[in-house]
Amino acid sequence: MRLTYLGHSCFLVETARARLLIDPYLRENPRAPQGAADLSCDYILLSHGHDDHTADALKIALRCGATIVANYEIAEYFAALGAKTHALNPGGGFNFPFGRVKLTLAHHTSSLGPALNPIYLGAPCGLLVSADGKTLYHAGDTAVFLDMQLIGRAGLDAALLPIGDNYTMGPDDALVALDLLRPRVAVPMHYDTWPLIAQDAAAFATRAAQAGHRVEVLAPGATLAI
């Protein structure tokens, strides 16, 4: 399994049998690598409905014929716009040709559309992806929560964790999350996209190492094999 960071909370996950794009926010993302919005994929996994996680999902899905995998409300929303979708809900999973996707809890909100009349798009989620003998956890936008210790019980090869604060947990709580999840490696996300969520990811990695955790800070466009 290979991860490529595309800025904000977006990752391309390459497995032996499929290319998965998680939370595509690319054309309007100031940190996305050039040309990232034109990449191809087989599946698009969405953690929740906010525009900075779903903005490019429909366009890419229609261009590639990719299947959008998300909670029930998000899947129904994009299906009505012509996309192929597969609906799940927290606690549920499905065995796809490339491996298994399961939705977990996340503590956040989930909506899309104009501020005065947003569309509610179901529960926010984390994503557990099992493929090629590896297990990846994308936490979505979340606060730290004690049940992360249950998510980590099966053994995580990698955890993708928000550190930006204001909308999600910040570095202090992300360190607590690492204690609960105990992944082999963690990658920070959802930071530095705008000044409001600016963070020193290198300092976070240093603090994590002092606590016994491996954190790899990826620049947008960088790749990590797990």
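Cβ crowding within 10 Å, taken as a proxy for footprinting-reagent exposure, orders VAL129, VAL185 from fewest neighbours to most as VAL185, VAL129. Backbone geometry of the range 170-176 corresponds, through the Karplus equation with coefficients 6.51, -1.76 and 1.60 at θ = phi - 60°, to 3J(HN,Hα) couplings of x, x, 4, 6, 5, 5, 5 Hz, x marking Gly and Pro. Given the range 24-73, report the % of alpha carbon pairs whose separation exceeds 17 Å. Summing the P(r) of the range 24-73 above 17 Å gives 30 percent of all pairs.
For the range 196-202, 3J(HN,Hα) computed residue by residue from phi via the Karplus equation (6.51, -1.76, 1.60; θ = phi - 60°) reads 4, 10, 5, 8, 8, 5, 5 Hz, glycine and proline entered as x.
The stretch between ASN95 and LEU81 holds 2.6 nm of extra length on full extension. This uses 0.36 nm per residue minus the Cα-Cα distance. Here's the picture: a label point sits 7 Å out from the Cα of ALA16 along the beta-carbon direction, and within the range 115-141 the residues with their amide nitrogen under 20 Å of it are 129-137. For the range 21-101, the Cβ-based charge dipole about the Cα centre amounts to some 220 debye (Lys, Arg positive; Asp, Glu negative; other atoms uncharged). Recomputing Kirkwood radius over Cα pairs in Å from the coordinates shown identifies the correct label among (i) 19.5; (ii) 17.1; (iii) 17.7 as (ii). Here each label is just a point 7 Å from Cα along the line to Cβ, and for ARG63 and SER111 those points are 3.0 nm apart.
Subtracting the Cα-Cα distance of ALA198 and LEU150 from 0.36 nm times their residue separation leaves 14.3 nm of extension gain.
Here is how the number arises for the chain: DSSP H runs of 4 or more residues each give -39500 (n - 2.57), the sum is divided by the residue count, and the result at 222 nm is -5500 deg cm²/dmol.
Of THR109, THR142, the sequence from fewest to most neighbouring Cβ atoms within 10 angstrom is THR109, THR142.
Put a plus charge on the Cβ of each Lys and Arg, a minus charge on the Cβ of each Asp and Glu, and nothing anywhere else: the dipole of the chain about its Cα centre is then about 700 debye. Given axes a ≥ b ≥ c from the Cα gyration tensor, I'd like to know whether the range 95-147 is rounded (a/c under 1.5), prolate (a/b larger than b/c) or oblate. Because a/c hits 1.5 or more and a/b fails to exceed b/c, the range 95-147 counts as oblate. If you run the Gaussian network model on the chain, springs between alpha carbon atoms under 10 Å, then out of ALA186, ALA209, ALA83 the most flexible one is ALA209.
Projecting the Cα atoms of TYR191, GLY93, LEU105 onto the charge dipole of the chain (Cβ charges, centred on the Cα centre) puts GLY93 farthest toward the positive pole. Among LEU121, LEU21, LEU161, the largest mean-square fluctuation in a Gaussian network model of the chain (Cα springs under 10 Å) belongs to LEU121.
Only the coordinates and a few stated rules stand behind these numbers; no lab work does. In this text the structure is predicted, and so the values were computed from the model without any measurement. Virtual Cβ from ideal backbone geometry, glycine too; neighbours counted across all protein chains shown.
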